[in-house]
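Inspection log for the structure reproduced underneath, given as structure tokens.
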Amino acid sequence: MPEPVEKILKKKTLQKDEIITLLKLRPPDNSILLTKALDVKTKTIGRKVYFRGLIEFSNRCSKNCYYCGIRSHNTRYRRYQLTDQEVIKAAQYAYTNHFASLIIQSGENSSQKFISTIERLLREISQMTNRALHITLSLGEQTEESYQRWYEAGAHRYLLRIETSNPGLYKKLHPANKMHDYTQRLEALKTLRKVGYQVGTGVMIGLPFQTIEDLADDLLFFREIDIDMIGMGPYIEHEETPLFQYRNQLLSLQERFEISLNMVAVLRIMMRNINIAATTAMQTIDPHGHERALLAGANVMMPNLTPIKYKQSYLLYNDKPGLADDAEESKELMGESIRLAGDTIGYGEWGHSKHYAIRTGARR
Ligand code: 5AD
Ligand code: SF4
């Protein structure tokens, strides 16, 4: 007989079997878990949600991950890269709307031209905003030298999802070559920390071949590496990817959503003061996905600032919402989710992960 949930939720440190019991809860039995997570959020970090303006800089990618719609072997999408002016305009929008933070995300590209373009843009944005805009990068695996150059040019946070903490599963989701190597990805996370970044990672939930034990291990992995920020969400199939062939073996979208919600809630309880994002993939499955993620413990949202004309070319998975929304609409919709959840927007604050702030003595 598994332990009663009430008893598990009173424990200081959760063990794997207890995490599994919590992840297996389904509505209405999971309400006790969600309530506890919201209570932890309220007491530890408060009910403020931080905006990070998201720029999907380019869909050119040298990699070929089996789950992702913009993998290099997919010829359907026109490949683009934003112009400098478009990036500056989006950064200006984030700045004047008091977002205080920006994320530049892109397919993986390690050419010297790309590295220096990003470096130049970082310097321009830092100068234009008098360093008031905190910049996060999500540009995949790069050399230590590139991470260092970008750090010195003004980026101080980096997101690199581990995708799954199970090396065997990682292998099934990626081509077998040096570019898609689990150990290297782990190394990249360590290098980022060494360079000085506030580091975020994350996983996909409901992948083919993934078990509930794997997901419990993912949460334990986040605790083990003492991560500052997490972005995780349901895996959603894309018809032009190799993993699409396993679509009949997947959990239903609804189940993937419920487990994702439980993952957010359990993580909030395990790592009380980190930043956790309410991700787009959650909103893709449920029209109240963002709001429900906030109520399960998330505290970060990413309004999309990518110019509309590029949005339909940055489809990592099916049915991604908001393709016709401009920055203003994206911001309004997210603001509405925040209001519905009973949270407030942390305008003008960098919204450091409190975890990171305590670890390093960072302010604001
Ligand atoms: N479903 C959900 N998330 C996906 N990602 C890529 N493809 C998919 C998919 N099919 C996520 C990965 C990647 C991030 C940029 O998008 O976790 O790190
Ligand atoms: Fe490229 Fe990232 Fe998609 Fe992999 S998940 S194919 S690295 S954009």
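The values are calculated or read from the model by the stated rules, or taken from the named source; none is laboratory data. Bear in mind that the values here come from a model prediction, so they are computed numbers and not experimental data. Cβ placement follows ideal geometry from the backbone for every residue including glycine, while neighbour counts extend to all protein chains displayed. SASA here: full protein model, heavy atoms, side chains in, ligands and nucleic acids out. Shrake-Rupley method; radii C 1.70, N 1.55, O 1.52, S 1.80 Å.
Can you give the charge dipole size of segment 93-174 about its Cα centre, rounded to the nearest 20 debye, using +1 on the beta carbon of Lys and Arg and -1 on the beta carbon of Asp and Glu?
140 debye
By what distance, in whole Å, do the Cα atoms of segment 245-345 stretch along each of the three principal axes, largest value first?
Dimensions of segment 245-345 along the principal axes of its Cα atoms: 41, 40, 21 Å.
With N residues in segment 37-175, what two-decimal value do you get for its Cα radius of gyration over 2.2 N^0.38 Å?
Normalised Cα radius of gyration, segment 37-175: 1.18.
In 5 Å bins starting at zero, report the fraction of Cα pairs in segment 1-96 per bin as a rounded %.
All Cα pairs considered, the percentages come to 2, 10, 12, 11, 8, 9, 10, 13, 14, 7, 2, 0, 0.
For V49, enumerate residues with amide H under 5 Å from its amide H, sequence gap 5+ or separate chain, H modeled in the peptide plane.
So V49 has HN proximity to T344, I345, G346.
Enter the Cα centre distance for the pair segment 1-72 and segment 140-175, rounded to the nearest angstrom.
Their Cα centres are 21 Å away from one another.
Considering the alpha-carbon set of the chain alone, what are its Rg and its Dmax in angstrom?
Cα radius of gyration and Dmax of the chain are 19.2, 61 Å respectively.
So, for segment 4-122, what is the accessible surface per residue at a probe of 1.4 Å, expressed in square angstrom?
Here the per-residue accessible area is 46 Å².
Divide, for segment 177-325, the radius of gyration over alpha carbons by 2.2 N^0.38 Å, where N is the residue count.
Dividing the Cα radius of gyration by 2.2 N^0.38 Å gives 1.07.
Can you give me the Cα centroid spacing of segment 237-287 and segment 210-228 in angstrom?
Here the two parts' Cα centres lie 14 Å apart.
Can you tell me what share of the DSSP beta bridges in the chain is antiparallel? A percent to the nearest 5 is fine.
Within the chain, antiparallel bridges account for around 5 percent of the total.
Karplus couplings for segment 267-279 from phi (6.51 cos²θ - 1.76 cosθ + 1.60, θ = phi - 60°), rounded to Hz, Gly and Pro as x?
Residue by residue, segment 267-279 yields 5, 4, 6, 6, 10, 5, 10, 8, 8, 10, 8, 8, 8 Hz.
Quick check: the distance between the Cα centres of segment 311-364 and segment 106-130, to the nearest angstrom?
22 Å
To the nearest 500 deg cm²/dmol, what mean residue ellipticity at 222 nm is calculated for the chain from DSSP H runs of n ≥ 4 alone, each contributing -39,500 (n - 2.57), summed and divided by the residues?
-13000 deg cm²/dmol
Using the Kirkwood radius over C-alpha pairs as Rh, can you work out the diffusion coefficient of segment 59-124 via Stokes-Einstein at 25 °C, viscosity 0.890 mPa s, in µm² per second?
In µm²/s, the coefficient rounds to 182.
Would you mind putting 323-332, 156-165 in packing order, based on average other-beta-carbon counts within 10 Å, highest first?
156-165, 323-332
Once amide H atoms are built 1.01 Å from N in the peptide plane, which residues 5 or more positions from H156, or in another chain, come under 5 Å H to H?
I135
Enumerate the lysines that K63 could reach by cross-link, defined here as Cα to Cα under 22 Å, with residues fewer than 8 away along the same chain left out.
Counting by Cα, and skipping residues close in sequence, K63 has these lysines nearby: K113, K171, K172, K178, K190, K311, K320.
Which ³J(HN,Hα) values in Hz, rounded to whole numbers, follow from the phi angles of segment 293-299 under the Karplus curve 6.51 cos²θ - 1.76 cosθ + 1.60, where θ = phi - 60° and Gly and Pro get x?
5, 4, 6, 9, x, 6, 9
What is the local net charge at A216, summed over the other residues whose Cβ is closer than 14 Å to its Cβ (Lys, Arg +1; Asp, Glu -1)?
That sum, taken over residues with Cβ under 14 Å, equals -4.
Over the chain, calculate the relative contact order: mean separation of alpha carbon pairs under 8 Å at least 6 apart, over the residue count, as a percent.
Answer for the chain is 24 percent.
Among 295-301, 116-122, 41-47, how do they line up from the highest to the lowest mean number of other beta-carbon atoms within 10 Å?
Per-residue mean Cβ counts within 10 Å order the peptides as 295-301, 116-122, 41-47.
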